[in-house]
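Colleague: Structure below; questions to follow.
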Amino acid sequence: MNASLIYLDNAATTPVDPRVARLMADYLTEDGTFANPASRSHMAGWLAEQAVEGARRQVADTVGADPREIVWTSGATEADNLALIGYMRAHRDRGHHLVTSTIEHKAVIDTAIALEAEGFEVSWVKPDSQGRITPDAIKSALRSDTTLVSVMAVNNELGTENDLQAIGRVVHTHGAAFHVDAAQAVGKIPLDLQHLPVDLMSLSAHKAYGPKGVGALFVRRGLQIAPLIHGGGHERGMRSGTLPTHQIVGMGEAFRLVLEDHAKDKDRLHILNSRFRDGVVALEGVHIHSPLMGSVPNIVNVGFDGVEGESLIMALRKLAISTGSACNSASVDPSYVLTEIGVPREEALASIRFSFGRFTRDDDIDLALAELKHALTTLRA
Ligand SMILES: *Cc1c(COP(=O)(O)O)cnc(C)c1O
């Protein structure tokens, strides 16, 4: 990466941890474990299968699941699609109603809209002013024909955490199933599926120092979902396609490191968070949209008074930052997450998400704050 660019966009993606990258290289070339893990007829295939199953256990261990409950996908987007479409289609006879929120990631929102086109009904729950989806709001949306509720663990633009225990209890008391998009939660909040009332959970490798293009769906034992991708019957029929051994090994190692480095990462992120928040509040005319309590330390979303969003981004060219989510940054619409929590359109357009990670240094924060101060002074003059 350009050495003068300060990378504060870790909620869009993280760099692959060098320990992960080194390991992945052993699963690609002729002198490595490159064979098809589904090849049952030779030793090379068995070794690849062993690597895949080892990684499956590492991912399962990090979220408190059984390895048999982990289905490999190409990422959290596919996992969200498989969870929502796969569950709703498999349980058509029980009901046609899905409940989700207005501030989910597009991978959930657009999937729910696709289900509406297929004849399912969707209720869209609004967040509170901090971006939290309350158990009461979910409760009010439930109907006798509700089969599935989908709520994210951590919002990708605000960092706000949801109370999965309380929401899951409401959903299960009602007899519906609970899906959680946990792409932003791994390594940030503890996820123990042994004790969480959650039936389906979407995971991504590249938000936790693993490679892009691989993820997983946790499917609680005994739960039926209809496959989206048909073929060789891999992943017990739930997701066909030759498994990408190197990607999977990378996700396994990244998730193992999440467990191993948990305390160290957490302390680092809290230090970076305080350093950044202290610096930002010292600037004039700022609004921090990410709540101080109940949000992850690596995401701080800030609105700036008296500047135009586009000009601010231009003035901050040395910072790799984001307005809203990466998937929407080509559009000039304000972030729907910010407008949903009541941020006025103009202020939403002049809001930036700063997100830190394992490789962010104190220096990066200080330089970013200096850039911000300079940009605001110039633009407001
Ligand atoms: C990044 C992200 C996704 C998409 O994950 P991919 O692995 O990139 O497909 C889904 N949901 C949330 C909340 C995310 O932050």
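The values are calculated or read from the model by the stated rules, or taken from the named source; none is laboratory data. Note that the structure is a prediction, hence the values are computed from the model and not measured. Cβ sites come from the backbone with ideal geometry, for glycine too, and all protein chains shown count toward neighbours. Please note that ligands, DNA and RNA were not included when accessible areas were found on the heavy atoms of the full protein model with its side chains. Shrake-Rupley method; radii C 1.70, N 1.55, O 1.52, S 1.80 Å.
Colleague: Could you list, in sequence order, all residues of the range 226-248 that are closer than 16 Å to Ile85 by Cβ and within 16 Å of the ligand (Cβ to nearest atom)?
Modeller: Leu228, Ile229, Arg239, listed by residue number.
Colleague: Further, regarding this structure: Out of Ile138, Ile85, I need the residue that is within 16 Å of the ligand (Cβ to nearest atom) and either without any contact (Cβ under 8 Å) to a residue 12 or more places away in the chain or open to solvent by less than 50 Å² (accessible area, probe 1.4 Å) (or both). Which one?
Modeller: Working: Ile138 fails: within 16 Å of the ligand (Cβ to nearest atom).
After ruling out the rest, the residue left standing is Ile85.
Colleague: What are the residue pairs meeting all of these: first residue in the range 95-109, first residue of a type in the set (Ser, Thr, Tyr), second residue away from the ligand (no atom under 16 Å from the Cβ) and in a loop (DSSP other than H, G, I, E, B), Cβ atoms under 8 Å, and 6 or more apart or on different chains?
Modeller: Ser101/Lys126; Thr102/Lys126
Colleague: Are any residues in the range 281-309 over 12 Å from Ser351 (Cβ atoms) and part of a helix (DSSP H, G or I), and if so, which ones?
Modeller: Val281
Colleague: Here are some residues: Val219, Val154, Val198, Val149. Which one is under 14 Å from the mean Cα position of the chain (by Cα) and in contact (Cβ under 8 Å) with a residue 12 or more places away in the chain? Before you say what the answer is, go through the steps one by one.
Modeller: Working: Val219 fails: under 14 Å from the mean Cα position of the chain (by Cα); Val198 fails: under 14 Å from the mean Cα position of the chain (by Cα); Val149 fails: under 14 Å from the mean Cα position of the chain (by Cα).
Answer to the selection: Val154.
Colleague: Inside the range 114-135, can you point out the residues that are open to solvent by 80 Å² or more (accessible area, probe 1.4 Å) and either modelled with pLDDT under 95 or not in a strand (DSSP E or B) (or both)? Break it down into steps so the answer makes sense when it comes.
Modeller: Here is the first cut: in the range 114-135, the residues open to solvent by 80 Å² or more (accessible area, probe 1.4 Å) are 117, 121, 124, 126, 129.
Answer for the range 114-135, where residues must be open to solvent by 80 Å² or more (accessible area, probe 1.4 Å) and either modelled with pLDDT under 95 or not in a strand (DSSP E or B) (or both): Ala117, Lys126, Ser129.
Colleague: Is it true that Leu379 is under 15 Å from Leu158 (Cα atoms) and surrounded by fewer than 21 Cβ atoms within 10 Å (Cβ to Cβ)? Outline the logic, then answer.
Modeller: Numbers: under 15 Å from Leu158 (Cα atoms): no; surrounded by fewer than 21 Cβ atoms within 10 Å (Cβ to Cβ): yes.
For Leu379, the condition - under 15 Å from Leu158 (Cα atoms) and surrounded by fewer than 21 Cβ atoms within 10 Å (Cβ to Cβ) - is not met.
Colleague: In the range 206-225, what residues are within 10 Å of the ligand (Cβ to nearest atom) and in contact with an Asp or Glu (Cβ under 8 Å, 6 or more places away or on another chain)?
Modeller: Gly210, Gly215
Colleague: Same structure, new question: Please find, among Val180, Val125, the residue that is among the β-branched types (Val, Ile, Thr) and away from the ligand (no atom under 12 Å from the Cβ). Quick ask: steps written out before the conclusion?
Modeller: Working: Val180 fails: away from the ligand (no atom under 12 Å from the Cβ).
After ruling out the rest, the residue left standing is Val125.
Colleague: With the requirement that a residue be farther than 24 Å from Thr14 by Cβ and either part of a helix (DSSP H, G or I) or open to solvent by 30 Å² or more (accessible area, probe 1.4 Å) (or both), what does the range 240-256 give you? Even if it seems obvious, please write down each step before you answer.
Modeller: If we filter the range 240-256 for residues that are farther than 24 Å from Thr14 by Cβ, which is where we start, we get 240-242.
Across the range 240-256, the qualifying residue is only Thr242.
Colleague: Of (1) away from the ligand (no atom under 16 Å from the Cβ); (2) over 18 Å from Val186 (Cβ atoms), Glu69 satisfies all except one. Which?
Modeller: All conditions are met except number (2).
Colleague: Filtering the range 91-106 down to residues that are open to solvent by 10 Å² or more (accessible area, probe 1.4 Å) and within 11 Å of the ligand (Cβ to nearest atom), which residue is nearest to the chain's Cα centre (by Cα)? Write out each step before concluding.
Modeller: Residues of the range 91-106 that are open to solvent by 10 Å² or more (accessible area, probe 1.4 Å), as a first pass: 91-94, 96, 102, 105-106.
Now restrict to residues that are within 11 Å of the ligand (Cβ to nearest atom): 105-106.
On the way: His105: 8, Lys106: 11 Å.
So the residue we want is His105.
Colleague: Go through (1) of a type outside the set (D, E, K, R); (2) assigned to a helix (DSSP H, G or I); (3) under 22 Å from Ala117 (Cβ atoms) one by one and return the number of the condition Ala48 breaks.
Modeller: Of everything listed in (1) of a type outside the set (D, E, K, R); (2) assigned to a helix (DSSP H, G or I); (3) under 22 Å from Ala117 (Cβ atoms), Ala48 misses just condition (3).
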